[in-house]
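Here's the structure, in structure tokens; my notes come after.
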Amino acid sequence: MSYILGYRCTLCNEFYKKDKEMLTCPKCSDEGILDIEYDYQEIAKVFNKNTLLENKDLSIWRYLPLLPVEEKYTKNTLRVGFTPLLKSNSLVNKYEVKNLYFKDDGVNPTQSLKDRASVIACVKALELGNGVVACSSTGNAASSLAGNAARLGLKTVIFVPKRAPVGKLTQLLAFGADVIKVDGDYKKAYSLSKKAIDHFGWYNRNAAINPNLIEGKKTVALEIAEQLNFKPSDWVVVSVGDGCTIGGVYKGFYDLYKLKMIEKIPKILGVQALGCSPFYAAFKENRDLEETEEATYADSIAVGIPRNPVKGMNAVKFSNGDFVAVTDDEIKEAMKELASSEGIFAEPAAAASFAGFKKAVKEKIIKPEDEVTIIITGNGLKDTASALKTLKEPSLLNDSLEELVEYMNAKGKEDLKNE
Ligand SMILES: *Cc1c(COP(=O)(O)O)cnc(C)c1O
Ligand SMILES: [Zn+2]
């Protein structure tokens, strides 16, 4: 059963009782993104720390009372969520914070946090009897939708910008999606997808427009809280493109706060790439968002017109958080450091959150007494071409021990000699 009371418009604040599925506010049209409101009193009767202890479902469906779907269609999905929360071994000492955790969402079924939203979209499409789901995407929403849909026998139509990385494109094609590659950037891909969805009546997985999707993304926060025994860290760090992921992070903690399962909502640090930082700029200058260029190699957060500006901004404002922006060089450095120090290989947009953490420590936004969770939103294997540009190709040796010893001496590899 669903515990949804209704939908509230993030622009005009109008409340709509739930008697039918809604996407956007009829008064404010497409900009009027809705937020789903729940009956927390009723949820508390079936959902609390004890019911979670007994719940053996290690996927997002363990939070079903807080999700906008019927149980019936959740049975055969891919296993999304309940990703590991890894305690830092070495970087915690290097950056001198009290505790540091990595929420590794790169281990989701299609290797990104987007699976949390896509599986909800697919279940919604099944509920509504719509056999085709469509979206536009910088890559991960697309590959994730295609994978989750393939599992459930749904068809997908996916609009991607011209420069979607080959790893993500390959995933899409393997999952059997109908891929429409749009000659232009993400803005163009989004625009065509919107026209096409209106025209063909496909189920809309565009994360901002569809209020159900943030509800899926919020499960990352529910998990972080549960994995930390309902004492979440002081800060949660996440990279920001459209603003849906960060909005979801806030919503998850908000739900638990309303249910009195956590005492406070963590401060949320939104991280943007400096070459495409409309949220960061608007926050620092205390103004509305303005369209910007998409000048960053971190493709998943190269979003010049964020589609979820209100929820994205509110996540930081309501949590007393902050925004930082990092350069592409800082992201590249962060990617190498995270992979080689903790064994977590992140795609550029995901490494950005670690780069943002480093900046926030340096700027004393994050303090030595703080505990911090960094969300790793996607796996590095999705974009090996970008990663390889910053790494050294290995030398080519013959099958000769002499040659190897010579090589090691020349390179000063003393630490590798177990003699
Ligand atoms: C989509 C995505 C983000 C940002 O999420 P938004 O909802 O667009 O703000 C961050 N990292 C990765 C890997 C993503 O795929
Ligand atoms: Zn409205």
- If you go through the stretch 102-117 one residue at a time, how many are outside any loop (DSSP other than H, G, I, E, B) and within 17 Å of residue 348 (Cβ to Cβ)? 5
- Can you name the residue in the stretch 156-174 that is within 15 Å of residue 114 (Cβ to Cβ), touching a residue at least 60 places away in the same chain (Cβ under 8 Å) and not small (Gly, Ala, Ser) and, of all such residues, is surrounded by the most Cβ atoms within 10 Å (Cβ to Cβ)? 168
- Note on the structure: Counted residues in the stretch 160-209 being within 16 Å of ligand 2 (Cβ to nearest atom) and more than 25 Å from residue 379 (Cα to Cα) come to 1
- Query: Any idea which residue in the stretch 279-300 is least open to solvent (accessible area, probe 1.4 Å), counting only those that are under 19 Å from residue 163 (Cβ atoms) and more than 10 Å from ligand 1 (Cβ to nearest atom)?
  - Reply: 296
- Task: Determine whether the stretch 232-243 contains at least one residue that is in a loop (DSSP other than H, G, I, E, B) and either β-branched (Val, Ile, Thr) or within 16 Å of ligand 2 (Cβ to nearest atom) (or both).
- Result: yes
- Message: Report every pair of residues separated by at least 6 positions or lying on different chains whose Cβ atoms are under 6 Å apart, first residue within the stretch 1-24 and more than 17 Å from residue 70 (Cα to Cα), second away from ligand 2 (no atom under 16 Å from the Cβ) and among the β-branched types (Val, Ile, Thr).
- Response: none
- Message: Can you find a residue that is surrounded by fewer than 13 Cβ atoms within 10 Å (Cβ to Cβ), farther than 30 Å from residue 205 by Cα and hydrophobic (A, V, I, L, M, F, W, C) anywhere in the stretch 409-419?
- Response: yes
- Task: Working only within the stretch 265-310, note down all residues that are free of Cβ contacts under 8 Å to residues at least 40 places away in the same chain, in a loop (DSSP other than H, G, I, E, B) and aliphatic (A, V, I, L, M).
- Result: 289, 295
- Task: Give the residue that is surrounded by the fewest Cβ atoms within 10 Å (Cβ to Cβ), with candidates limited to residues of the stretch 9-48 that are acidic (Asp, Glu) and more than 16 Å from ligand 1 (Cβ to nearest atom).
- Result: 19
- Residues of the stretch 361-382 classified as surrounded by fewer than 24 Cβ atoms within 10 Å (Cβ to Cβ) and either of a type outside the set (A, V, I, L, M, F, W, C) or modelled with pLDDT of 95 or more (or both), total: 12
- Going by the structure shown, is residue 403 in contact with a strand residue (DSSP E or B) (Cβ under 8 Å, 6 or more places away or on another chain) and either of a type outside the set (S, T, N, Q) or open to solvent by 10 Å² or more (accessible area, probe 1.4 Å) (or both)? no
- Is it the case that the stretch 155-167 has a residue that's within 22 Å of residue 241 (Cα to Cα) and in a helix (DSSP H, G or I)? yes
- Message: Please pick out the residue among 131, 153 that is open to solvent by 50 Å² or more (accessible area, probe 1.4 Å) and more than 16 Å from ligand 1 (Cβ to nearest atom).
- Response: 153
- Query: Of everything in the stretch 226-250 that's within 22 Å of residue 57 (Cα to Cα) and buried (at least 24 other Cβ atoms within 10 Å of the Cβ), which residue is nearest to ligand 1 (Cβ to nearest atom)?
  - Reply: 248
- Task: Hey, could you check the stretch 175-193 for residues that are under 17 Å from residue 118 (Cα atoms) and modelled with pLDDT of 90 or more and say which is most open to solvent (accessible area, probe 1.4 Å)?
- Result: 178
- Could you identify the single residue in 299, 399, 328, 383 that is charged (D, E, K, R) and closer than 22 Å to residue 208 by Cα? 299
- Is it true that residue 307 is surrounded by 24 or more Cβ atoms within 10 Å (Cβ to Cβ), of a type in the set (Lys, Arg) and under 23 Å from residue 25 (Cβ atoms)? no
- Go through the stretch 328-347 and give me each residue that's more than 18 Å from the chain's Cα centre (by Cα) and of a type in the set (D, E, K, R). 328, 329, 330, 332, 333, 336, 337, 342
- Item | Single residue of 311, 258 found to be of a type in the set (D, E, K, R), within 12 Å of ligand 1 (Cβ to nearest atom), touching a helix residue (DSSP H, G or I) at 6+ places or on another chain (Cβ under 6 Å) and at negative phi | 311
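The values are calculated or read from the model by the stated rules, or taken from the named source; none is laboratory data. As the structure is a prediction and not an experimental result, all values here were calculated from the model. Every residue, glycine among them, receives a Cβ derived from its backbone with ideal geometry; neighbour counts consider all protein chains shown. Surface accessibility is based on the protein's heavy atoms, side chains included, excluding ligands, DNA and RNA. Shrake-Rupley method; radii C 1.70, N 1.55, O 1.52, S 1.80 Å.
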